[in-house]
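Peer 1: Have a look at this one before I ask anything.
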Amino acid sequence: MKILFMGTPDFAVTALRALHAKYGADIVGVVTRIDMPKNRGHALTPPPVKVAAQELGLPVYQPQNLKAENFKETLESLDPDIIVVAAYGKILPEYVLTYPKHECLCIHASYLPEYRGAAPIARAIMDGKKELGITIMYMDKGIDTGDMLVREKLAFENENKGEIENTLSELGARMIIETLEKIENGESLPREKQDDTLSCYAEKIEKEDCKIDFAASAEAIRNKIRALAPAPYAFSRINGKSVKITLASLTGEQTDKEPGTVVDVSAKGTGKLLVATGNGVISIDRLIPEGKKEMSAGDLVRGRGAAIGDKFEF
């Protein structure tokens, strides 16, 4: 069975490596996004899937536009029996969706029909979900609206997006291998239509989403911080300077201080930096002050970057 893989970020790399370990030369190609400028130097940086594919010796294709470019000829020359998609990041035109005899399968990082769209893991964490999942689905013209083959959930409590993403990527890799094995064996795969009334859309994360509103509850703020770590990070301002918050925890304490106000600090060891919210007190444990490296709350307090009575705000 000839497989064409389409994916872009780290989440997709785990599945690509698992497929290569299982099927090797049966992977006829890897399609990914174009190299993009990154960081202050704006150097062109290949997507993680491209890096992994080249390490594995797989041919890589990076069409700018699947509709406008002549990718159809490439697809016909590769002649895949099945296309596996994992966070590719582009809508597939109909000629791609309908080409392989076993259709296009997608590894989607949510328990569909919830959290269709670009940022399912981050949005689910922001919403306080305790269970997140993977769905293997057939792709159609809609955005994550195709029939589902199999779904699995895992429970999470304190992990951040990066940690959850790593775990779900491993789950997705296992699930796609199991699904392909069933297809190879000629087993019947039940197709379950999605209930659109239960769906919600996971919008792409924008800069505005990363701002911390300390008028929200301590739990909601901690969930936002978890959802945006390790990147792009939730952020605020204190003493006129921007600060990214990378780790926070709940204290269970209450205060009548105005939201955003620093209510307690300690410079000992890893330190303490407690901040009032709209409901409860949150502990800011680790952060990245403007122009500096990541540090503990104690480092910030020792450097006089925060004191009791200071305020996080915009």
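The values are calculated or read from the model by the stated rules, or taken from the named source; none is laboratory data. All values reported here derive from a predicted model rather than from experimental measurement. When we count neighbours, we look across all protein chains shown, and the Cβ atoms used for this are built from the backbone with ideal geometry, even at glycine. When the accessible area is computed, the model is the full protein with side chains, heavy atoms only, and any ligands, DNA or RNA have been set aside. Shrake-Rupley method; radii C 1.70, N 1.55, O 1.52, S 1.80 Å.
Peer 1: Ranked by accessible surface with a 1.4 Å probe, highest first, in what order do 233, 23 come?
Peer 2: Values: 233 45, 23 20 Å².
Correct descending sequence by accessible area is 233, 23.
Peer 1: Taking the structure as given and computing P(r) over Cα pairs in 20 Å bins from 0, in percent, which label from (1) 30, 48, 21, 1; (2) 27, 37, 27, 8, 0; (3) 34, 60, 6, 0 fits?
Peer 2: Comparing each candidate, only (1) matches the computed number.
Peer 1: Right, another one. What are the GluC sites (Glu not before Pro) within segment 117-179 that DSSP puts in a loop, where the Cβ has at most 11 other Cβ atoms within 10 Å? Don't skip to the end; give the middle numbers.
Peer 2: On the way: sites: 131, 152, 157, 159, 163, 165, 170, 178; in loops: 157, 159.
When the GluC sites (Glu not before Pro) of segment 117-179 are filtered for loop state and at most 11 Cβ neighbours within 10 Å, 157 remain.
Peer 1: Then there is this: Which parts of segment 73-90 would a label at residue 101 reach, counting a residue when its backbone N lies under 19 Å from a point 7 Å out along Cα-to-Cβ?
Peer 2: Counting backbone N atoms under 19 Å from the label point, the list is 75-84.
Peer 1: For residue 308 and residue 28, calculate 0.36 nm times their separation in residues minus their Cα-Cα distance, and state this gained length in nm to one decimal.
Peer 2: Here the segment from residue 308 to residue 28 would lengthen by 94.7 nm.
Peer 1: What is segment 228-314 by shape, rounded, prolate or oblate, if you read a ≥ b ≥ c off the alpha carbon gyration tensor as root eigenvalues and call it rounded for a/c under 1.5, prolate for a/b larger than b/c, and oblate otherwise?
Peer 2: Here segment 228-314 falls in the rounded category.
Peer 1: Here's another thing I want to ask about it. What percentage of the solvent-accessible surface of the chain, computed with a 1.4 Å probe over protein heavy atoms, is contributed by carbon and sulfur atoms?
Peer 2: Details: 7260 of 15380 Å².
Percent of accessible area from carbon and sulfur atoms in the chain: 47.
Peer 1: Could you report segment 206-304's accessible area per residue, 1.4 Å probe, as an integer in Å²? Provide the component values of the computation, followed by the final result.
Peer 2: Working: 4900 Å² over 99 residues.
Spelled out: the 1.4 Å probe surface of segment 206-304, per residue, equals 50 Å².
Peer 1: Under the √(5λ) rule applied to the eigenvalues of the Cα gyration tensor, what semi-axes describe the equivalent ellipsoid of segment 10-159? Give them in Å, descending. Could the numbers behind the result be given before it?
Peer 2: On the way: eigenvalues 131, 82, 50 Å².
The equivalent ellipsoid of segment 10-159 has semi-axes of 26, 20, 16 Å.
Peer 1: Would you work out the relative contact order for segment 226-270, in percent, from Cα pairs under 8 angstrom that are 6 or more residues apart?
Peer 2: About 24 percent, as a whole number.
Peer 1: Loop-only check: which trypsin sites (Lys or Arg not before Pro) in segment 1-63 are DSSP coil with at most 11 other Cβ within 10 angstrom? If you can, show how the numbers build up before the last one.
Peer 2: Working: sites: 2, 17, 22, 33, 38, 40, 50; in loops: 2, 33, 40.
Taking segment 1-63 and a limit of 11 other Cβ atoms within 10 Å, the loop trypsin sites (Lys or Arg not before Pro) found are 40.
Peer 1: To continue, here is another question. Within 10 Å of each candidate Cβ there may be at most 14 other Cβ atoms; applying that plus a DSSP loop requirement, which GluC sites (Glu not before Pro) in segment 11-88 survive? Provide the component values of the computation, followed by the final result.
Peer 2: Details: sites: 55, 69, 73, 76; in loops: 69.
Here the sparse-neighbourhood loop sites are 69.
Peer 1: Over 30 Å between Cα atoms, which of 153/268; 72/153; 207/257; 67/244; 2/204 qualify? Before the final figure, lay out the partial values.
Peer 2: On the way: 153/268 40 Å; 72/153 36 Å; 207/257 28 Å; 67/244 39 Å; 2/204 32 Å.
From 153/268; 72/153; 207/257; 67/244; 2/204, over 30 Å: 153/268; 72/153; 67/244; 2/204.
Peer 1: With the other protein chains left in place, how much accessible area per residue, in square angstrom, belongs to segment 51-162 at a 1.4 angstrom probe?
Peer 2: That works out to 44 Å² per residue.
Peer 1: Could you state the angle between the C-alpha long axis of helix 161-184 and the longest principal axis of the C-alpha atoms of the chain, as a value from 0 to 90 degrees rounded to the nearest 10?
Peer 2: The angle comes out near 20 degrees.
Peer 1: Length gain on complete extension for the stretch residue 74 to residue 254, per 0.36 nm per residue less the alpha carbon to alpha carbon distance?
Peer 2: Roughly 58.6 nm would be gained on extension.
Peer 1: Turning to a different aspect of this structure: May I ask you to rank 200, 210 by accessible area, largest first, using a 1.4 Å probe over the protein chains only?
Peer 2: Numbers: 200 45, 210 5 Å².
Of 200, 210, the descending order of accessible area is 200, 210.
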